[in-house]
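Read the structure below first, then the notes.
Please treat every number below as a calculation from the coordinates, not as lab data. Keep in mind the model is a prediction, meaning the values are calculated, not measured. Quick reminder, even Gly has a Cβ in these numbers, built from the backbone with ideal geometry, and neighbours come from all protein chains shown.
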């Protein structure tokens, strides 16, 4: 039986926690796999009823997480006699005591647009912090035996950035799980949705941050109101109010832009909606829109496709990879082209219907079971290589330089 140690200390909220929630059931269903899952304090309650899983709850502050991972976790991995380490939070363990797979899923480290955006906002402290984290992330890719990205587009960026081989394994989607909860939306959210009836309802699922490019979306609203006769609503799963979004991103500039453009009546700020209820929100929308200027996978696109919602997306390689023919694409920083694309869909029922059908079929190509199966196959490749040599795998930096003499990169 293979013993997999998963470092998920970074999974405190958002995509990191969603990822662990989705892969855990499939790991538990693997009869020949035992899993030790390192999670932050209080998070074990998120997981129950799973066999083959052991939990380590650690009280680690975000500021000290990296250093704890490099020291304390090392002894825990040895003591539980794990075979493979899976590091899920962008940073690898240096000189891991066992072969290591790194999951890299933060594209801001490689995004020139993000650094430009920070400078334009005079966010120099965030710029410096991101640069430092990017250095650690880049080194981490060399420390790991294998690095896995959630899309081929992001894997290509990482290869270009590091000169190291990076594998692409798509994140998944579980149709049955996503649609199983029928709990009604809160009365407040339901009331706001009902107030938007009769308008063309655009939906953007994201907390406020800079790289999702809210400002371009807001600038498109006056144009859309003009072109669609005023019947337009933008549904947001956040509020443009300081202190009501995770992270250090400041929404004041976006809120000022809303006021300056006079589009407060267009925005419907729903606030955060629980993941298990999101399918109700998607189905209340006419068009899903994302103006993000950098992404690694973009789960909401798959969720929107699964709900039969046509998509207008910024023209990123990753968006085209995920959506293919289920979206209309526009240049990231062009509110004019965004408005033009939305208008095109809003005025063509046949085009919207066709794209919805294409998207529904496309969404079925993403599977968490397939994702986990490919990760486990990669882990077994590392174990087999270690056993064949009769010694521990070499450090990542050495194995990269002598790849032809070691284990081959599997085709995923």
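Quick notes on this structure:
- Equivalent ellipsoid semi-axes - Cα gyration tensor, region 274-351, angstrom: 19, 16, 11
- Where only C-alpha atoms are counted, convex hull volume of region 177-363 per residue in Å³: 111 Å³
- Fewest neighbouring Cβ atoms within 10 Å first, the residues 135, 80 line up as 135, 80.
- Using a Förster distance of 25 Å, the FRET efficiency for residue 261-residue 195 (Cβ separation, nearest 0.05): 0.75
- Label point distance in nm, residue 361-residue 317, each placed 7 Å from Cα along Cα→Cβ: 2.7 nm
- Residue exposure proxy: 123, 57, ordered by other Cβ atoms within 10 angstrom of their Cβ from fewest to most, comes out as 57, 123.
- Residue order, fewest to most beta carbons within 10 Å, for 77, 383: 383, 77
- Taking label positions 7 Å along the Cα-Cβ direction at both residue 119 and residue 95, the computed distance is 3.8 nm, reported to one decimal.
- Whole-number D in µm²/s for region 41-186 (Stokes-Einstein; Kirkwood sum over Cα pairs; 10 °C, 1.306 mPa s): 90 µm²/s
- Estimated inter-spin distance, residue 131 and residue 181, nm [label 7 Å along Cα→Cβ]: 4.1 nm
- Rg over Rh [alpha-carbon atoms, Kirkwood Rh] for the chain: 0.98
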